[in-house]
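> Dropping a structure here in structure tokens format, bear with me for questions.
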Amino acid sequence: MTGAFLTVTTCCGHKYSFAFAKQARGGSKLMIYVVIAILVLTYLLLIFRKIRGKEIPIWVSMAVGAGLMIATLSISPFDAFVSISFPVIGFLFGMLVLTAGFEKSGLIEYIALQILRRARKTDQLLLGIILGSGFLSALFVNDTIALLWTPIVISIASKIGLKQNRALLLPLAYAITIGSAMTPIGNPQNLLVALNSGLRTPFSDFLSHLFLPTMVSLFALFYLCKSRLCLGRFYEGIKLNDGQSGTPVQNPRNAIYDIGLAKLSAALMIGLLASFGIVEAFPYLQTLGLSLSNLAFAFGVILLVLTPKREYLLVSLSWGVLIFFAGMFVVMGAVWNSGIGKILLDAFPAPILGNGVQSTGAIMSVSIILSQILSNVPFVQLYSYHMLNLGFEGMAVPWLALAAGATLAGNLTILGAVSNVIIMHAAESRGHQSFGFVEFFKFGALITAVSAGIFYVFLAFF
């Protein structure tokens with residue numbers, strides 16, 4: 001395959017070279033079919049995830065796809081290595097370490113219970129779940145909040161006599177997805193946008209453009225969920241406890257079982273967020289290597305150095321997330337270099353430089369649709385190549401439209417976001433009923449349409 005190369009320098013000073021196919025030589029059609037077959041196999045494993053009754057972790061599915069791409073020479077070992085974005089891997093490692101500190105000390109559960117225990121009415125409980133999980137998912141990887149909040153929400157549902165767990169699990173899933181849209185650390189696809197886009201102040205750009213539409217969308221979700229048009233009928237006749245506690249939720253203090261680790265993790269997380277703000281306020285610091293990825297990696301290492309529980313944190317770390325991303329970079333690199341990615345994306349209207357209304361609509365639409373096919377994280381990596389090729393490097397609104405569209409796609413179908421699958425699995429593994437594909441889509445289509453409309457208006461006209 002012959003081609004041209006585009007070299008991009010991001011806000012963090014990292015350079016990436018992307019290969020773009022120009023024309024095929026003999027035998028390239030066969031190679032395209034091989035790449036397509038491997039891609040289909042990879043996503044079949046991701047979607048069905050079971051062989052002979054045994055569940056396949058999502059990182060194994062992506063690792064198999066990457067291995068097959070290299071074994072069939074769909075991508076060379078060198079190109080496979082180059083395609084891996086190590087700044088993304090470093091960022092994720094640091095955030096996963098800090099998140100593990102919050103989780104293993106009981107601090108995340110403490111925060112969740114503090115938010116929920118103040119509820120006196122069903123509406124307050126529902127709003128607490130939506131706003132609480134939404135805000136937390138903006139500060140931590142949304143998959144972590146999905147994993148930790150599911151048992152809490154199930155416990156609340158049983159204590160208030162709610163017969164249908166999905167009446168709280170569905171709002172939880174929708175809120176986690178919407179809330180994670182407003183920061184570059186809320187979900188993996190936002191991180192890819194922050195690092196691939198060339199934005200010099202990604203944290204500020206995300207918050208300045210996406211905070212308001214996120215908040216409006218969370219409140220819109222609340223009113224939709226409590227209406228009879230959506231889930232409102234499930235809450236009728238439900239009353240919360242009227243005892244001295246005023247809440248069915250356990251005492252938050254009982255959630256923390258390692259106060260030392262909790263204090264250290266909280267201090268370092270506050271320091272990390274403050275450092276993000278300082279670096280963006282003084283861009284000169286970025287030339288010294290103080291980027292989002294380097295700072296997150298450094299603060300994660302600091303936690304490992306300072307805590308005596310470092311082995312415990314490393315053992316409990318979600319290593320599968322890092323393997324998934326490394327494999328995803330290899331698979332998407334092979335797909336793009338083969339020319340398949342460009343052919344697929346060319347089937348949709350391309351965003352037009354200088355036309356904010358059209359480009360925002362085109363990017364959000366294709367993001368929502370193709371994220372159902374490719375899943376949002378691999379799609380964003382693939383579409384990033386496309387946007388860089390079209391000349392959108394460093395333009396905030398188009399890239400934020402990509403982040404918003406790919407994120408909100410998670411509320412259209414269960415397969416649109418990994419966090420949905422995590423909530424389902426966490427509920428069913430505890431012997432509770434969750435929600436089905438059709439039911440999720442029935443309510444999710446309305447919620448996605450409303451929230452996508454809100455984000456579009458804010459991005460295209462403000």
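> Given 0.36 nm per residue, what is the gain on full extension from Thr287 to Leu446 after removing their alpha carbon distance, in nm?
On the way: separation 159, 0.36 × 159 = 57.24 nm, distance 4.47 nm.
The Thr287-Leu446 span can extend by a further 52.8 nm.
> Report the charge-dipole magnitude of the chain in Debye, nearest 20, computed about the Cα centre from +1 at each Lys and Arg Cβ and -1 at each Asp and Glu Cβ.
On the way: 28 positive and 16 negative charges, 175 e Å.
My answer is approximately 840 debye.
> Continuing with this model, one more query. Just how many % of Cα pairs in segment 2-461 lie over 36 Å apart, if you round to the nearest whole percent?
Numbers: 27921 of 105570 pairs.
Distances greater than 36 Å cover 26 percent of the Cα pairs.
> Sort out for me the Cα centre separation of segment 410-462 from segment 321-397, rounded to whole Å.
Computed from Cα coordinates, the inter-centre distance equals 21 Å.
> Just from its helices, what would the mean residue ellipticity at 222 nm be for the chain, if runs of 4 or more DSSP H residues each count -39500 (n - 2.57) and the sum is divided by every residue, rounded to the nearest 500 deg cm²/dmol? Could the numbers behind the result be given before it?
Working: 20 runs with 310 residues, N = 462.
Per the formula, -22000 deg cm²/dmol.
> Oh, and also: Taking the Cα centre of the chain as the origin and placing charges on Cβ (Lys, Arg +1; Asp, Glu -1), which of Ala396, Tyr383, Pro171 is farthest toward the positive end of the dipole?
Checked the options; the winner is Pro171.
> Below 13 angstrom from the Cβ of Lys309, what's the summed charge of the other residues (Lys, Arg +1; Asp, Glu -1)?
0
> Would you kindly state the longest site-free stretch of the chain, with sites defined as trypsin sites (Lys or Arg not before Pro) in a DSSP loop (not H, G, I, E, B) surrounded by at most 16 other Cβ atoms within 10 Å?
On the way: sites that count: Arg25, Arg49, Arg52, Arg118, Arg120, Lys121, Lys163, Arg200, Arg228, Lys239, Arg430.
That would be 240-429.
> Taking the Cα-to-Cβ direction at Ser204 and at Arg118 and moving 7 Å from each Cα, how far apart do the two end points lie in nm?
For the pair Ser204/Arg118, the computed spacing is 3.1 nm.
> Based on alpha-carbon centroids, what's the gap between segment 192-222 and segment 84-123 in Å, whole number please?
Value for the Cα centre distance between the two parts: 19 Å.
> Along the principal axes of its C-alpha atoms, what lengths does segment 279-336 span, in descending order and rounded to whole Å?
38, 37, 14
> Say the cut-off is 21 Å between C-alpha atoms; which of Lys104/Lys163; Lys121/Lys263; Lys121/Lys163 go over it? Kindly include the intermediate steps, with their values, before the conclusion.
Details: Lys104/Lys163 31 Å; Lys121/Lys263 32 Å; Lys121/Lys163 17 Å.
Where the Cα-Cα span goes over 21 Å, the pairs concerned are Lys104/Lys163; Lys121/Lys263.
> Could you tell me which of Leu210, Leu261, Pro87 has its Cα farthest along the dipole of the chain towards the positive end, charges placed at Cβ (Lys, Arg +1; Asp, Glu -1), taken about the Cα centre?
Farthest towards the positive pole: Leu261.
> Let me ask something additional. Any idea what the dipole of segment 83-187 comes to, in debye rounded to 20, about its Cα centre with Lys/Arg Cβ at +1 and Asp/Glu Cβ at -1?
Numbers: 8 positive and 4 negative charges, 99 e Å.
Value, rounded to 20: 480 debye.
> Let me ask something additional. Using the Kyte-Doolittle scale, which helices in the chain average at least -0.5 and also have C-alpha atoms spread 27 Å or more along the helix axis, with helices defined as whole DSSP H runs? Display every interim value, and only then the final one.
Numbers: long enough: 28-48 (30 Å, 2.47); 86-105 (28 Å, 1.37); 202-226 (34 Å, 1.16); 259-281 (33 Å, 1.75); 319-337 (28 Å, 1.81); 437-461 (34 Å, 1.80).
Helices meeting the span and hydropathy rule in the chain are 28-48, 86-105, 202-226, 259-281, 319-337, 437-461.
> Limiting things to C-alpha atoms, what are the Rg and the maximum Cα-Cα separation (Dmax) for segment 362-462, in angstroms?
15.0, 50
> Let me ask another. Gly101: net charge of surrounding residues, Cβ under 14 Å, Lys/Arg +1, Asp/Glu -1, itself excluded?
Values: positive: Lys104, Lys263, Lys309, Arg310; negative: Glu103, Glu109, Asp258, Glu311.
The answer is 0.
> A further question on this structure: What is the set of long-range amide H partners of Leu199 at a cut-off below 5 Å, with H atoms built 1.01 Å from backbone N?
Cys11, Gly394
We did not get these values from a lab; they are worked out from the coordinates using the rules stated. Quick caveat, the model's predicted, so the values are computed rather than measured. FYI the Cβ positions are ideal-geometry reconstructions off the backbone, even for glycines, and counts take in every protein chain you see.
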